[in-house]
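The values are calculated or read from the model by the stated rules, or taken from the named source; none is laboratory data. All values derive from a computational prediction rather than experimental measurement. Every residue, glycine as well, gets a Cβ built from its backbone with ideal geometry; the counts of neighbours run over all protein chains shown.
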């Protein structure tokens, strides 16, 4: 399977033959290295879930400060407060208005979001939606939030951090994906299969 590789114009970026990345090939969409100020590996991975709702993408930031998640039998909505060069930047709320709200506050910049796992499965009259989410920092685990039902997925980094969220949403959080950044090209994306970007 050929995986799309994004190569921005100019000398700031170089295309490299990447190592084998343990990930599902259907969830790895972009792979590129920013050479400005040292190597920076930026990867878009996902989304997992269904194709309902509308697509959204919060973009890439310096890191994640807070996550507000509303949940019940599934994930109703999510909103992320990012850090951009030391300043807080609030992402939009993605999803509906139901569910019980919980707030995750990271001690950024010392505490970083390094992993997310969860489940997706049909809910009521909807197709697959995100049923549960668990967040891992370099210090703590938050969750699980929602119902651990259906197909599991997992993203774990070693030497990097999650710097953005993307996905699909309508009444619920239909799908979720992530932007990951790290200075070490050996950072791992853990999922069921091994793929190589061609």
**OP:** Find all pairs meeting these conditions: Cβ atoms under 7 angstrom apart; at least six residues apart or on different chains; first residue within segment 124-151 and over 17 Å from residue 172 (Cβ atoms); second residue part of a loop (DSSP other than H, G, I, E, B) and at pLDDT 95 or above.
**Re:** 137/106; 137/111; 137/112; 138/111; 138/112; 139/111
**OP:** List the number of the failed condition for residue 155; all other conditions in (1) in contact with a helix residue (DSSP H, G or I) (Cβ under 9 Å, 6 or more places away or on another chain); (2) surrounded by fewer than 23 Cβ atoms within 10 Å (Cβ to Cβ); (3) at pLDDT 90 or above hold.
**Re:** (2)
Original post:
Any chance segment 87-110 includes a residue that's part of a strand (DSSP E or B), over 14 Å from the mean Cα position of the chain (by Cα), touching a residue at least 60 places away in the same chain (Cβ under 8 Å) and crowded, with 21+ Cβ neighbours inside 10 Å?
Top reply: yes
**OP:** Would you be able to say whether some residue in segment 25-32 is assigned to a strand (DSSP E or B), within 14 Å of the chain's Cα centre (by Cα) and either at pLDDT 50 or above or surrounded by fewer than 18 Cβ atoms within 10 Å (Cβ to Cβ) (or both)?
**Re:** yes
Original post:
Within segment 127-145, is there a residue that is buried (at least 20 other Cβ atoms within 10 Å of the Cβ) and part of a loop (DSSP other than H, G, I, E, B)?
Top reply: no
Original post:
Mind checking whether some residue in segment 38-54 is at pLDDT 95 or above, part of a loop (DSSP other than H, G, I, E, B), within 17 Å of the chain's Cα centre (by Cα) and surrounded by fewer than 20 Cβ atoms within 10 Å (Cβ to Cβ)?
Top reply: yes
Subject >> Single residue of segment 146-159 satisfying the filter (farther than 18 Å from residue 102 by Cβ and in a loop (DSSP other than H, G, I, E, B)) that is nearest to the chain's Cα centre (by Cα) >> reply: 157
